[in-house]
Amino acid sequence: MDNNTNNNCENTAIPLEKRILLTIPEAAKYTGIGVNRLRRLANKRNSKLIVWVGARKMFKRKQLDEYLENASSI
């Protein structure tokens, strides 16, 4: 099998600003907010910023953007 025919996720990766869901490290890279601070936001009870994908918490990018636009401090 030719190596050029393998699907490479890195070549077809969707940019962070177009993704619907972001992992905590991706959200940190996208927002510039530290991973620990984002984990605290994710751990808030009844957070509307988070969706569970299996056992992984992921941020809803649009809700995260809206939250940050309206926040005076984090």
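Values quoted throughout were computed directly from the atomic coordinates according to the rules given, and no laboratory measurement underlies them. Predicted model, so just to flag it, every value in this text is computed and none were measured. A quick note on method: Cβ atoms are made from the backbone with ideal geometry, for glycine too, and the neighbour counts reach across all protein chains shown.
List of remarks:
- Overall Cα dimensions of the stretch 8-70 - principal axes, largest extent first, Å: 37, 27, 19
- Other-chain or far-sequence residues with amide H under 5 Å of Lys57's (modelled H): none
- Ranked by the mean number of other Cβ atoms within 10 Å of their residues, highest first, the peptides 53-59, 68-74 come out as 53-59, 68-74.
- Phi-derived couplings, Karplus 6.51 cos²θ - 1.76 cosθ + 1.60 at θ = phi - 60°, listed residue by residue for the stretch 54-71: x, 9, 9, 7, 10, 7, 7, 4, 5, 5, 5, 4, 5, 4, 5, 5, 8, 7 Hz, with x used for Gly and Pro.
- Charged side chains reduced to their Cβ positions (Lys and Arg at +1, Asp and Glu at -1) give the stretch 8-70 a dipole of some 380 debye around its Cα centre.
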